[in-house]
Structures are given as C-alpha cells and as structure tokens.
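**Student:** Before I ask anything, let me first share the structure, which is written out below as structure tokens.
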C-alpha cells in the first residue's frame with residue numbers, strides 16, 4: 001500500500017548554496033531520503049567506493065549509457081562526464097522512498113522532461129528577493145549595477161517558471177524549513193495519494 | 001510587493017472533525033489567518049455581534065445576495081440560511097492575508113467553481129486510511145460491514161479527487177501539522193510567487 005516516493009530536485013543558479021542546503025538536510029535528518037549515486041568517467045580518489053560514491057565507468061561505457069537512455073541527465077565538467085542513472089532512482093521511488101537530486105539548472109530541465117512528476121524546487125538568491133528594496137532605493141547604487149541585476153533577475157525568473165516551488169535561501173535554516181514543508185505537503189497531495197485509495201476499494 | 005493571500009478551504013465528510021482541527025489551529029496559533037464572517041437569516045443569540053459573529057440579515061436580503069452572486073456558497077440548515085459573502089474574502093486575500101473556510105463538501109464544491117486558486121484540503125476519516133488493513137483481515141468482520149465500508153469509501157474518494165490535499169485525521173495534532181506544511185509550501189509555490197518576481201523586474 002506504500003505510495004511511490006517523491007523525486008525531489010533541488011536546483012538553482014550557480015553559487016546559490018544548493019550544496020549547503022542539502023548538507024543541512026542530511027546533517028539534521030530533516031526528512032529521510034535516498035541518495036542517487038552518479039556515474040562518472042573520472043578516476044576514483046583514494047577511499048572512494050564504486051557503486052557507493054560513484055559508478056566509475058569508462059568514457060565508452062558512459063557514452064553507451066547516454067545512447068541507451070540510461071541517464072536522467074548528464075554533464076561534462078573539465079574533462080570528465082557526470083550523470084544520474086535512471087534505473088536506481090526509479091527503483092527507489094517504486095519502493096516508496098524519496099530521492100533527492102541536487103543538480104544544476106540544465107540538469108534539472110532534463111530531469112523535468114523525463115520525470116514530470118518530480119517535485120522541482122528552485123533555490124533563489126536572497127538578493128533576487130530583495131531586489132525590489134534596492135529598486136526602491138536607487139540612489140544608493142549606480143544605474144549600471146541596478147540594470148545588470150535586473151537583467152540577471154530576468155534570466156533567473158525565466159528558469160524559475162518551470163519549477164514547482166521557489167525557496168529563498170536567505171538563511172539555510174529558513175530554506176530547510178520550507179523544503180521540509182514542501183516534502184510533507186507533497187506527500188499528502190491528492191494527485192499522489194488517490195491511486196492508492198482507489199486501489200484499496202477495488203479489492204472486493 | 002505582498003503576494004495575494006491563500007484561500008484555504010478545509011472540508012471533508014460529515015463528522016470527520018473539521019471543527020476540532022480548525023479550533024486546534026486557532027488555539028495553538030499554528031499559522032495566522034483571517035476569518036470569513038458568514039451571513040445568516042437566523043436571529044442573533046445574546047452576545048452575538050452583527051458583522052463579527054455573523055452578518056444577520058432578513059431572508060429577503062439573503063435571497064437578494066444569492067441572486068446578485070454575492071455569496072461564495074450558501075446552505076440551508078433547518079429553517080435558516082447560512083452563506084459566505086465573497087467580497088470580504090476577496091478583500092482579505094488582496095491584502096495578502098490567508099483566509100480559512102471550514103465548510104461542508106457541497107459548499108467546498110461551489111467555492112472551487114468560483115475560486116479555483118484556493119487550496120482545497122480534504123480531511124479524511126482514519127478508517128478510510130486503514131480500510132486496507134481491515135480488508136487484509138476480513139475474517140474479523142462480516143462481509144456486510146466490509147462491503148458497506150467499501151461503498152462509503154468509494155463515495156469519499158469520488159469527492160476527494162477534486163481536492164488538492166488529503167489529510168488523514170488520525171490525531172488532531174498530525175492533521176494540524178500536515179495543514180501547516182501545506183500552507184507553508186503553498187506560500188512558496190512558483191505559481192503563487194512568480195508574478196511578484198515578474199513585476200519586480202519590469203520596474204525599469
């Protein structure tokens with residue numbers, strides 16, 4: 001009777017603090033979730049375990065995984081590929097466990113295409129949220145600074161519109177509280193629980 | 001820059017404990033919300049204040065309110081009419097305040113038609129949630145009892161499907177926690193906040 005787990009996708013602009021927020025969720029055991037183990041072509045560092053820290057594969061195997069549609073998303077940083085294998089994620093969700101992916105906005109967009117039922121959380125920089133305050137006090141900043149910030153904000157808002165939630169990372173504690181509430185609420189959303197109720201009453 | 005408030009509609013089957021849950025939210029100040037004052041044709045009781053406890057009106061005035069579309073929903077209990085005037089609700093929402101309506105499922109359906117952006121929370125009886133346990137232990141109950149419960153559950157599930165959230169009222173404390181999470185999450189949902197961000201970057 002377990003409902004399927006939630007695929008939680010935590011993303012946002014570079015430097016917004018996604019990693020810090022995720023670490024706080026882990027450290028304070030805010031809610032339980034499973035880790036998705038990434039696939040990479042880089043060599044293991046001392047102490048790293050294959051299948052636990054990463055799936056360490058050759059570039060040939062990685063490209064095969066891309067071509068076979070085995071990856072939810074992938075990216076190349078410096079000389080190496082990094083990607084999220086879809087099979088273990090689906091297995092964890094089917095077992096009723098939530099899975100948290102902390103990825104960049106390009107990765108999140110790809111995941112959205114493949115897993116539209118995911119819960120997409122956009123972490124926003126506090127200065128986007130407080131931009132209106134600056135606009136109301138223009139005299140304290142040059143026109144160039146203001147215009148640059150507006151252009152940047154417009155880009156961020158264009159990305160945000162494809163997400164389900166926008167959480168301001170003003171303090172890590174506040175961001176974590178909002179994410180916890182989102183997870184709790186999504187677990188009782190009708191679209192996620194009604195199939196189980198329906199299955200229940202068909203058992204006659 | 002304030003976002004519009006949330007219209008929170010708390011409903012569910014008769015006897016599920018809507019009033020108790022609402023009272024616990026009020027008593028423990030779980031989150032702030034405004035009250036919607038109902039309109040009624042019944043006479044004020046000693047101490048009741050017009051415009052605070054109810055808007056006390058004549059039946060003629062009430063029917064006029066119905067015909068003019070001034071009510072979000074209304075109902076007749078025994079000999080008197082009770083309804084929710086729409087104007088004060090919209091005013092409170094526009095001011096950025098959340099409004100909580102605790103109403104029966106017929107009222108909720110009418111509100112849904114008029115205020116589709118509302119947050120509709122269906123309080124479910126714990127025995128609906130635990131019905132599957134009973135079904136798995138059929139020997140302990142007669143076939144008639146089981147079948148009657150299944151028919152009732154089917155009706156409840158048909159109603160539930162038009163709601164956003166289904167909260168099990170197993171304990172009042174649990175139900176209140178879920179409702180708090182729903183309110184927190186809805187306040188950071190992209191569909192509710194993005195217009196404000198957009199307005200912000202148009203101010204150049």
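**Student:** Averaged over peptide B:153-163, how many Cβ atoms belonging to another chain are found within 10 Å of each residue's Cβ?
**Tutor:** Working: counts 4, 6, 1, 2, 6, 1, 0, 5, 5, 1, 4.
Per residue, the average neighbour count from other chains is 3.
**Student:** Between copies, how far apart are the residue A:143 label points? List them in nm, one decimal, shortest first, with each point 7 Å from Cα toward Cβ, please?
**Tutor:** 8.5
**Student:** Would you work out if chain B is rounded, prolate or oblate? Take a ≥ b ≥ c from the square roots of the eigenvalues of the alpha-carbon gyration tensor; rounded if a/c is under 1.5, else prolate when a/b is larger than b/c, oblate otherwise.
**Tutor:** Working: a/c = 2.05, a/b = 1.27, b/c = 1.61.
Here chain B falls in the oblate category.
**Student:** Based on the Cβ-Cβ distance of residue A:61 and residue B:52, what FRET efficiency does E = 1/(1 + (r/R0)^6) give at R0 = 60 Å, to the nearest 0.05?
**Tutor:** On the way: r = 71 Å, r/R0 = 1.19.
It comes to 0.25.
**Student:** Name the residue, out of A:193, A:21, A:37, whose mean-square fluctuation peaks in a Gaussian network model built on chain A with Cα pairs under 10 Å.
**Tutor:** A:193
**Student:** Next question. Report, to the nearest 10°, how far helix B:190-202 tilts away from the longest principal axis of the Cα atoms in chain B, using its own Cα long axis and a range of 0 to 90°.
**Tutor:** 20
**Student:** Once the piece of chain linking residue B:143 and residue B:76 is laid out straight, how much longer is it, given 0.36 nm per residue of separation minus the C-alpha distance between them? Let's see the in-between values first.
**Tutor:** Working: separation 67, 0.36 × 67 = 24.12 nm, distance 3.70 nm.
Gain on extension, residue B:143 to residue B:76, equals 20.4 nm.
**Student:** Please report the spacing between the Cα centers of the range A:101-126 and the range B:34-112 in Å, no decimals.
**Tutor:** After rounding, the separation between the Cα centres reads 42 Å.
**Student:** Compute the Kirkwood hydrodynamic radius of the range B:149-204, taking the inverse of the mean of 1/r over all pairs of distinct Cα atoms, and give it in Å to one decimal.
**Tutor:** Numbers: mean 1/r = 0.0701 Å⁻¹.
Result for the range B:149-204, one decimal place: 14.3 Å.
**Student:** Another question about this same structure. Against the longest alpha carbon principal axis of chain B, how many degrees, from 0 to 90 and to the nearest 10, is the axis of helix B:143-160 turned?
**Tutor:** Orientation of helix B:143-160: about 20 degrees from the principal axis.
**Student:** Divide by every residue of chain A the summed helix terms, -39500 (n - 2.57) for each DSSP H run of at least 4, and state the resulting mean residue ellipticity at 222 nm, rounded to the nearest 500 deg cm²/dmol. Intermediate results must be reported in sequence, preceding the final value.
**Tutor:** Numbers: 9 runs with 95 residues, N = 204.
Only helices count here, giving -14000 deg cm²/dmol.
**Student:** What are the label-to-label distances in nm, one decimal and shortest first, from residue B:116 to the same spot in the other copies, with labels 7 Å along Cα to Cβ?
**Tutor:** Shortest to longest, the spacings are 1.7 nm.
**Student:** Now for a separate question. What's the angle, to the nearest 10 degrees (0 to 90), between helix B:105-114's Cα axis and the longest principal axis of chain B?
**Tutor:** On a 0 to 90 degree scale, this one is about 40.
**Student:** Additional query: How many nm is it between the label spots at residue B:170 and residue B:104, if each spot is 7 Å from the Cα in line with the beta carbon?
**Tutor:** 2.9
**Student:** Which whole-number percentage describes the relative contact order of chain A, with Cα contacts under 8 Å and a sequence gap of 6 or more? Each step should come with its number before you reach the end.
**Tutor:** Details: 266 pairs, mean separation 62.7, N = 204.
Worked out over chain A, it gives 31 percent.
**Student:** If I model a spin label as a point 7 Å beyond the Cα along the Cα-Cβ vector, how far apart are those points for residue A:30 and residue B:196 in nm?
**Tutor:** For residue A:30 paired with residue B:196, the spin-label model returns 1.9 nm.
**Student:** Percent of alpha carbon pairs in the protein assembly as shown separated by more than 35 Å? Mind showing how you got there, number by number?
**Tutor:** Details: 34209 of 83028 pairs.
Percent of Cα pairs beyond 35 Å in the protein assembly as shown: 41.
**Student:** With the label 7 angstrom out along Cα to Cβ, how close does residue A:28 come to the same site in each of the other copies, in nm, nearest first?
**Tutor:** 1.9
**Student:** Something else about it: Using every alpha carbon pair in the range B:1-95, what percent of pairs falls into each 5 Å bin from 0 up to the bin containing the largest distance?
**Tutor:** Bins of 5 Å from zero give 2, 11, 18, 20, 22, 16, 7, 2, 0, 0 percent of pairs.
Every number in this text was worked out from the coordinates using simple rules, so none of it is lab data. As the structure is a prediction and not an experimental result, all values here were calculated from the model. Quick reminder, even Gly has a Cβ in these numbers, built from the backbone with ideal geometry, and neighbours come from all protein chains shown.
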